Every structure is written in C-alpha cells, then in structure tokens.
Amino acid sequence: MKLPFILAKRFVAGESFQETIPKVEQLNQKDIHITLDLLGENVDDREMADDTVASYIKLLKNISSAGLDSTISIKLTMLGLDIDESYCRDNLFKLLDVAREHNQFVRIDMEGSDYTQQTIDLFKEAFREYGKHVGIVIQAYLHRTKDDIAELADLGADVRLCKGAYNEPEHIALQNMAAIRQAFKEYAKVLLEKTSYPRIATHDDELVDWVKKYASEHQVDQSRFEFQMLYGLRQNTMEELADQGYNTRIYVPFGTMWFPYFKRRLMERKENIWFVLSTLFKK
Ligand SMILES: Cc1cc2nc3c(=O)[nH]c(=O)nc-3n(C[C@H](O)[C@H](O)[C@H](O)COP(=O)(O)OP(=O)(O)OC[C@H]3O[C@@H](n4cnc5c(N)ncnc54)[C@H](O)[C@@H]3O)c2cc1C
C-alpha cells in the first residue's frame with residue numbers, strides 16, 4: 001500500500017524536483033544553503049542503481065540550470081553498495097565526474113554500521129581523486145568514531161558530524177544521550193581544530209550552544225564552520241542562526257521513496273508523531 005504524501009509533507013519537500021524548487025528558493029532567499037537528498041535506500045539490482053546514478057546526475061545538472069544554492073547528499077546503498085563494491089565505486093566516480101565538471105559537491109551520507117567501513121574506504125578513494133567535491137558523514141554514537149575522526153581530520157576531509165540515526169547494538173554504539181552528547185562535543189572539537197570547514201548537524205540546543213561558545217572562546221571564526229538541520233525541523237532556529245551571521249544549511253529530502261526516511265524521523269522524537277497525526281486532522 002502506498003501511503004499518502006500528505007503524511008510525509010512536513011519532512012519531505014516534494015515528490016519531484018519541480019515541486020521542491022520553490023521550497024529551496026525560499027530558503028536560499030533567507031541566506032540558508034541547501035543539500036538536496038533524492039530519497040531511496042538499498043538498491044539491489046543493477047538496473048535500478050544505474051537509474052539512480054542517472055537521476056543524481058540529472059539532479060546536479062538541474063540544480064545548476066535552476067540556479068539553486070544547493071549541493072547533494074547521496075547514499076552508497078542507492079549506488080549499488082549491496083550489489084558489489086567496485087560497481088558502486090564506478091557509479092560514485094561517474095557522479096563525481098559530473099560534480100567536478102559543474103563545480104558541485106557530493107556528500108556521502110552515513111548509513112547503518114554494516115556499511116561504515118566500506119563507506120569510509122570509498123570516501124577516501126574518492127577524496128584522493130576528487131578532493132573538495134566530496135565529503136562524508138561521521139556518527140558520534142559509534143565507538144569506532146574516535147579513530148575514524150582522527151584519521152579523517154588528518155586527511156583534511158570535509159566532515160558532517162551527526163549523532164547517528166540508526167538503531168545500533170550496545171557493542172557498536174553508545175546508547176545514552178549524555179554520553180552521545182559528550183562524544184559529539186569531543187569530535188566537534190577535533191574537527192574545528194583540524195579541518196577547514198566542519199559541518200555540525202544537530203537540532204540539539206545544548207550542542208549548538210556548545211559549538212558557538214567553543215568557537216568564540218578559541219577564535220574559530222563563524223565563517224569556518226556551518227550548522228546543518230533537517231527540512232521541517234527548527235526552521236526558525238536556522239533563520240536565527242543565519243541572522244546571527246552563522247553559516248547554515250538545510251538538508252532537503254525529496255522524491256517518491258520517502259517512507260524509510262519518514263519512519264526514522266518519527267522514531268527519533270515522539271513530538272514528530274504528533275506533527276504527523278495533526279496533519280491528518282487538518283484540511
Ligand atoms: C543535516 C543532517 C544530516 C544528517 N545526516 C545523517 C547521516 O548521514 N547519517 C545518520 O545516521 N544520521 C544523520 N542525521 C541524523 C542524526 O544522526 C540524528 O539522528 C538527528 O539529527 C537527531 O539528533 P539531534 O542531535 O538533531 O537531536 P535529538 O537527539 O533528536 O534531540 C536532542 C534535543 O534537541 C532538541 N530538539 C531536537 N529536535 C527538535 C525540534 N524539532 N524542535 C525543538 N527542539 C528539538 C530537544 O531539546 C531534544 O531533546 C543527520 C542530521 C542532520 C541534521
């Protein structure tokens with residue numbers, strides 16, 4: 001059964017690129033940068049993966065022709081990581097060729113822990129070849145992140161730091177919010193000290209305030225990092241941050257395959273369920 005899009009509308013900008021353009025333009029006008037995410041996950045046949053690469057390439061070209069201030073975020077499982085790693089690498093490089101040609105940027109989202117090592121390995125290969133056109137995401141809740149962040153910071157990688165959105169067992173990830181916040185601060189510090197432009201992805205005031213304070217106390221200029229939040233969450237906060245002179249970027253998902261993304265947002269915060277339920281009762 002296909003659920004009606006009205007349920008997802010709060011977190012997903014549209015089912016097509018055309019529907020999404022006005023939302024991106026409105027945010028750009030408020031001095032907020034965007035990263036567009038064409039929704040979908042875990043493609044298990046080559047035909048679908050090839051179609052996905054073609055859609056991403058079209059997206060990069062459409063962003064240029066629509067004059068939007070937006071990068072793209074992608075998932076390697078959509079490029080065929082479950083099928084074969086070297087096939088996935090070829091697809092990623094095909095996409096990055098176009099990104100480089102259009103002076104664009106592709107962020108590789110981080111998925112569940114089964115994919116962490118492969119994602120980091122493919123990112124490192126891509127970074128050697130495409131440099132500033134590719135970035136990665138690191139999840140603060142993973143125990144392995146201490147080592148990964150040190151390595152990626154030494155490389156000078158462009159890293160988005162987030163808490164982590166997948167259900168992971170205790171031996172793989174921290175389970176307690178206080179410990180996750182503590183780890184997040186520790187890794188944010190490494191990125192602010194060692195990399196040229198870290199991306200701080202959280203809606204958590206405690207972390208946003210901590211980063212602002214740390215940056216001002218350690219002479220890290222506002223222009224040297226950015227805050228990132230998800231479409232539909234805390235837009236007022238993003239506007240306030242932009243007004244205060246911070247760089248901001250909203251992650252804007254769109255597309256017809258919105259259900260897994262939508263489900264993660266619901267599981268994350270019980271308030272999100274209320275937002276969705278309330279849309280059922282509104283005209
Ligand atoms: C731009 C971006 C990209 C991401 N990319 C990835 C990725 O590639 N891989 C991945 O695993 N995860 C990704 N995530 C998701 C991330 O890992 C977390 O699951 C998600 O951001 C929830 O954690 P949080 O720190 O934002 O806040 P939470 O832990 O959900 O909330 C902490 C506190 O923040 C405040 N807060 C949170 N939301 C709101 C709200 N809507 N209104 C008011 N207060 C609020 C509340 O005080 C709350 O108690 C991404 C997140 C962002 C923002």
(request) Determine the relative contact order of the chain: mean sequence separation of Cα pairs under 8 Å and six or more apart, normalised by residue count, in whole percent. (result) 25 percent
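DSSP beta bridges in the chain, what fraction antiparallel, as a percent rounded to 5?
Details: 1 of 31 bridges.
Antiparallel bridges: around 5 percent, rounded to the nearest 5.
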(message) Report, in listed order, any pair from Lys23/Lys189; Lys75/Lys146; Lys30/Lys124; Lys94/Lys132; Lys75/Lys124 with a Cα-Cα distance greater than 26 Å.
(response) Lys23/Lys189; Lys30/Lys124
(message) Rounded, prolate or oblate for the chain? Axes are the square roots of the Cα gyration tensor eigenvalues, ordered a ≥ b ≥ c, and the cut-off for rounded is a/c under 1.5.
(response) rounded
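Could you give the alpha-carbon Rg of the range 146-282 over 2.2 N^0.38 Å, rounded to two decimals?
Numbers: Rg = 16.2 Å, N = 137, 2.2 N^0.38 = 14.3 Å.
Expressed relative to 2.2 N^0.38 Å, the Cα Rg reads 1.14.
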(message) What's the ranking of 47-54, 199-206 by average number of surrounding C-beta atoms within 10 Å, highest first?
(response) 199-206, 47-54
(request) At q = 0.14 Å⁻¹, work out log10 I(q)/I(0) for the range 112-190 with the Debye formula, treating every Cα as an identical point scatterer and leaving solvent out; two decimals please. (result) -0.44
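From the helices alone, meaning DSSP H stretches of at least four residues, give me the mean residue ellipticity at 222 nm for the chain, per-run term -39500 (n - 2.57), in deg cm²/dmol to the nearest 500. Display every interim value, and only then the final one.
Numbers: 10 runs with 139 residues, N = 283.
Counting only the DSSP helices, I get -16000 deg cm²/dmol.
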(request) Whole Å is fine, so just give me how far the alpha carbon centre of the range 99-114 lies from that of the range 1-68. (result) 14 Å
(request) Return the aspartates and glutamates within reach of Lys212: Cα separation strictly under 15 angstrom, same-chain partners fewer than 8 residues apart disregarded; answer none if there are no such residues. (result) Glu186, Glu193, Asp204, Asp221, Glu226, Glu240, Asp243
(message) If a paramagnetic tag sat 7 Å from the Cα of Gln244 along the Cα-Cβ line, which residues of the range 29-53 would have the backbone N under 19 Å from that point?
(response) 30-33
(message) If I stretch the segment between Tyr214 and Lys30 completely, what's the gain in nm (0.36 nm per residue apart, minus their alpha carbon distance), one decimal?
(response) 63.7 nm
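None of the figures in this text is laboratory data; all of them are computed from the coordinates on show. Here the structure is a predicted model, which is why all the values come from computation and not from measurement. In this analysis, Cβ positions are derived from the backbone assuming ideal geometry, glycine residues included, and neighbour counts consider all displayed protein chains.
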